[in-house]
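Below: the structure, in structure tokens.
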Amino acid sequence: MTNIKNSEHDVLETPAADVTAADAPAAPADVIDFADEYGDPVRYDLEYGTAGLDIAFYLALAEQADGPVLDIATGTGRIALALTEAGHEVTAVDVNEAMVDFAIAKDADETVTWVVQDARELKARGKFGLAIVAGNALQQLLTNDDRTAALKAIYRQLAPGATFAFAIRFPHVAELARRVETPEIWHSYTDVTGSQVVVSGTQRYDAASQVMTHETYRQYAVDGTPAAAPTTTAVRYSFPQELEAALAAVCFEVEGTYVDFVGTPLTDQSAATASALVYVCRKPETTKR
Ligand SMILES: C[S@@+](CC[C@H](N)C(=O)[O-])C[C@H]1O[C@@H](n2cnc3c(N)ncnc32)[C@H](O)[C@@H]1O
């Protein structure tokens, strides 16, 4: 029932195995007032906030890093808080003030330095030993110009020899081509009232811009009534060689390219069942900029 390739976060979602109702979400109305996917941090955090196969991966990189960690597009602090709990010094930035405010509220001991900032214009204090962009957030930058601006800003924030790691959804071509007009069920979560909410959505890929647009619907499992306003998101897909060129243009050296968070290298074979596209890069010790 769950389609792992379509959801907002492949690595974070809750399987919808025990969904009992609303198996056939209502078809969307002709005119819908879509809300911001990141406008309700409470809902977002319940749906995606704490778990993730990627946490151990970023923790291991932080252990090896020489210096503090910069978590870019931190959301509600899923990775930042896990890193700081493990004793790492962390600065976490996100462009969405509501998300950052919610993350701050979760950080009772004020262990993380939280900053509302756009990834394209990073101005965090100090130089970092590790920068991460987790949870497919790099895909939020829809154009080459925006992504390059973010990569350059990240590069500037790193100390020589520091690591930059990120993960995005793997661009499975068959999945990109699969147009979904009637919402299909992705996963489910339990909301603040303890009720199960079924999450479903559509997808439409624009092959020219490499941008996938999703409409997302959330309905109570018990009776199919709306549990939240529908949201819409646009995410840009990238292919391995394209990413290598983008990283090289900013002078990052790619140390490893993986298809999961346990170090399976990207190959023609592993790509077939890839759950993610994961990069570990380095800023050279001797830099030109
Ligand atoms: C899918 S969430 C990922 C959150 C977090 N990294 C995680 O793994 O749980 C994407 C986040 O990217 C943030 N975001 C989108 N565009 C951004 C930008 N230009 N600069 C900084 N953050 C951005 C959104 O506000 C949202 O919190």
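Looking at segment 83-100, which of its residues are of a type in the set (A, V, I, L, M) and either closer than 14 Å to V115 by Cα or surrounded by 22 or more Cβ atoms within 10 Å (Cβ to Cβ) (or both)?
Taking segment 83-100 and keeping what is of a type in the set (A, V, I, L, M), we get 83, 86, 90, 92-93, 95, 98-100.
L83, V90, A92, V93, V95, A98, M99, V100 - these are the residues of segment 83-100 that are of a type in the set (A, V, I, L, M) and either closer than 14 Å to V115 by Cα or surrounded by 22 or more Cβ atoms within 10 Å (Cβ to Cβ) (or both).
Would segment 50-67 turn up any residue that is of a type outside the set (S, T, N, Q), at pLDDT below 95 and within 9 Å of the ligand (Cβ to nearest atom)?
Within segment 50-67, one or more residues are of a type outside the set (S, T, N, Q), at pLDDT below 95 and within 9 Å of the ligand (Cβ to nearest atom).
Looking at the structure I just gave you, is A73 within 7 Å of the ligand (Cβ to nearest atom) and either under 19 Å from the mean Cα position of the chain (by Cα) or buried (at least 24 other Cβ atoms within 10 Å of the Cβ) (or both)? Working first, answer last.
Working: within 7 Å of the ligand (Cβ to nearest atom): yes; either under 19 Å from the mean Cα position of the chain (by Cα) or buried (at least 24 other Cβ atoms within 10 Å of the Cβ) (or both): yes.
Yes.
Of everything in segment 129-186, what is basic (K, R) and out of contact with any helix residue (DSSP H, G or I) (no Cβ under 7 Å at 6 or more places or on another chain)? Give them in sequence order.
Within segment 129-186, the subset basic (K, R) is 147, 152, 156, 169, 178-179.
Listed by number, the residues that qualify are K152, R156, R178, R179.
Quick one: which of D94, D107 is closer than 14 Å to D45 by Cβ and near the ligand (Cβ under 9 Å from one of its atoms)? Even if it seems obvious, please write down each step before you answer.
Numbers: D107 fails: near the ligand (Cβ under 9 Å from one of its atoms).
The match here is D94.
Give segment 142-156 a look and list any residue that's in contact with a strand residue (DSSP E or B) (Cβ under 7 Å, 6 or more places away or on another chain) and either buried (at least 22 other Cβ atoms within 10 Å of the Cβ) or not assigned by TED's automatic domain parsing to the domain that holds A248 (or both), or say none.
Selection gives I154 alone.
For segment 117-138, state whether one or more residues are under 15 Å from P41 (Cβ atoms), near the ligand (Cβ under 10 Å from one of its atoms) and assigned to a strand (DSSP E or B).
no
For the condition under 27 Å from A80 (Cβ atoms), in contact with a strand residue (DSSP E or B) (Cβ under 8 Å, 6 or more places away or on another chain) and among the aliphatic types (A, V, I, L, M), what is the one hit in A221, A177, A228?
Numbers: A221 fails: under 27 Å from A80 (Cβ atoms); A177 fails: under 27 Å from A80 (Cβ atoms).
Checking each option against the conditions leaves just A228.
Would you mind finding the one in A227, A207 that is in contact (Cβ under 8 Å) with a residue 12 or more places away in the chain, more than 18 Å from R43 (Cα to Cα) and of a type in the set (A, V, I, L, M, F, W, C)? Step through it out loud before you land on a result.
Values: A227 fails: more than 18 Å from R43 (Cα to Cα).
Unique residue meeting the criteria: A207.
Looking at R218, R178, which one is crowded, with 20+ Cβ neighbours inside 10 Å, outside the structural domain of A92 (by TED's automatic domain parsing) and among the basic types (K, R)? Before the answer, list the steps.
Working: R178 fails: crowded, with 20+ Cβ neighbours inside 10 Å.
Of R218, R178, the one residue that is crowded, with 20+ Cβ neighbours inside 10 Å, outside the structural domain of A92 (by TED's automatic domain parsing) and among the basic types (K, R) is R218.
Sort out which residues of segment 76-88 are touching a strand residue (DSSP E or B) at 6+ places or on another chain (Cβ under 7 Å) and more than 13 Å from the ligand (Cβ to nearest atom), and write them in order of number.
Filtering segment 76-88 down to residues touching a strand residue (DSSP E or B) at 6+ places or on another chain (Cβ under 7 Å) leaves 77, 79-80, 83-84, 88.
Once the filter is applied, which keeps residues that are touching a strand residue (DSSP E or B) at 6+ places or on another chain (Cβ under 7 Å) and more than 13 Å from the ligand (Cβ to nearest atom), segment 76-88 yields T84, H88.
The values are calculated or read from the model by the stated rules, or taken from the named source; none is laboratory data. Quantities reported herein were computed from a predicted structural model and do not represent experimental measurements. FYI the Cβ positions are ideal-geometry reconstructions off the backbone, even for glycines, and counts take in every protein chain you see.
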